[in-house]
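So the structure is just underneath, and the comments pick up after that.
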Amino acid sequence: MYNLNQQSQQRLHPRPRYRAGYLVYGARIAAEHQLMKHIIAWITVLALTCASFQPAIAAVPQQVGIVAVVNDEIISSLDLEERMRLVMSTTGLQNTPEVRQRLAAQILRNLVDETLQTQEAERYNISISESQIDRAVRTVEAQQGKPQGSLPSFFEQNDLSMESFRNQLEAQLAWNEFISRELRRNVTIGSDEIARRQERAMNNSAVEEVQLSSIIMPVDKPENEQKVATLAKELREQIGQGASFEALATQLSASGGALTTNKVWVSTEQLEPRIRATVDKLSEGNLSQPVRTVPGYQLIRLDGRRMGSRISDDAEVALKQILLSLDETAQEKEVSVLLDIAKAVSRHPGSCTEPGIAGVQDFEGLNIDVEYVRTRFVNMSPQVRPLVENLRVTEISEPFATPEGIQLLMLCERIDVAPQMPAENLVRQELFREKLDLESAKYLRNLRREAFIDIRI
């Protein structure tokens, strides 16, 4: 087993060595000051509102059996059924026997992980009090605008297990506390690492960057390849029909969920080749078909795309802003006509020293506004900044749509500032997060390898 210190070499309950049938790929874990934010985001997805709930199919009374043994603890068929019902209710998946059967292995995997995490936290004398769980539940209620104490009754009305929900919260809280208390001490960041990361950031400032979310479904055995592929395809179809991507990522993904409170921009050059090829074909907001990668199958959503900039955020520009206003009730033909006018204006925009365009200064009745603005790149929207960055002084942009109408921008002046090297503390936090991620993944993987895990379904 992967040991943190001498204390960790002595287990309270010796475990027979057994290679589990499931491999785990660790969750993205933030630094200590972000752990509670991660929990809040994680449980918010599970906050069950009347609008997002679909009634759970009533459970058929059946004999309770054992579906898995994890060291000296059992996971019962009732545990699996209660979690299944919670997943079906929070994700919007079609509650059919076929879907439930395909989800069973993935949900059981999560229950096994939670059991291992809770056992390890207990071994380090980490316990989560009822008051801590109560506080987490109240946070859910507050964020959803629900009266305090309303969630338990809501679970009861929808025939869902509040105990199962609380157990899920307890396991996540305990594991995050364990990571914060024990694993973080293994992470060291050298000054040379920070310098290399800063240099790379400066050199790669003009490459494409993306924000991604994903649901990861590992293939732990060759014989499970087709089952996981079928599950990935099924989830892709149901998300397209309205199932919640965020809830599925939280409940099912082996990465611990794609839901994050602080999205990170990643250079496409750093992506695995198969993932990059997939992302290159996606439009912003779109979800990929299942992608076979090293850990298993992934569903990848493109949340954002931008070009990294060599221009400093503090660089200042003076712009001549031309707006051709458009009424909210305008028809498609009117929009097309206005766009043609905007293209004509772009050919004769006038100069930066005159208030008009094409020699015209009185726009009464034409719904054209000309305004001079001075701003910094840091204040520009992600849509506008690339347009301005590519302009030379006195050049004008192509027309683009805004909520107010069709707009053009002429660059009148730019005061450049040398690109700033990323701050040392920010780089340190980024490296810390990455290394803690690896420590968490490695530790959980070794827990599985040393544990006695007997899957019985």
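Comparison of 386, 422 shows that the only residue that is of a type outside the set (A, V, I, L, M, F, W, C), at pLDDT below 85 and in a helix (DSSP H, G or I) is 386.
Considering segment 97-113, the residues that are under 26 Å from the mean Cα position of the chain (by Cα) and without any contact (Cβ under 8 Å) to a residue 60 or more places away in the chain include one that is surrounded by the most Cβ atoms within 10 Å (Cβ to Cβ), namely 111. Within segment 391-415, the set of residues being within 14 Å of residue 312 (Cα to Cα) and either touching a Lys or Arg at 6+ places or on another chain (Cβ under 6 Å) or surrounded by 12 or more Cβ atoms within 10 Å (Cβ to Cβ) (or both) comprises 414 only.
Within segment 434-447, the only residue that satisfies the criterion of being buried (at least 18 other Cβ atoms within 10 Å of the Cβ), at pLDDT below 90 and of a type in the set (D, E, K, R) is 437. Say whether the condition of being more than 26 Å from residue 106 (Cβ to Cβ), modelled with pLDDT of 80 or more and in contact with a Pro (Cβ under 8 Å, 6 or more places away or on another chain) is met by at least one residue in segment 198-210. The answer is yes, given that some residue of segment 198-210 is more than 26 Å from residue 106 (Cβ to Cβ), modelled with pLDDT of 80 or more and in contact with a Pro (Cβ under 8 Å, 6 or more places away or on another chain). Restricting 178, 155, 165 to those that are over 26 Å from the mean Cα position of the chain (by Cα) and hydrophobic (A, V, I, L, M, F, W, C) reduces the list to 155.
The values are calculated or read from the model by the stated rules, or taken from the named source; none is laboratory data. Keep in mind it's a predicted model, so treat the numbers as computed, not measured. Quick reminder, even Gly has a Cβ in these numbers, built from the backbone with ideal geometry, and neighbours come from all protein chains shown.
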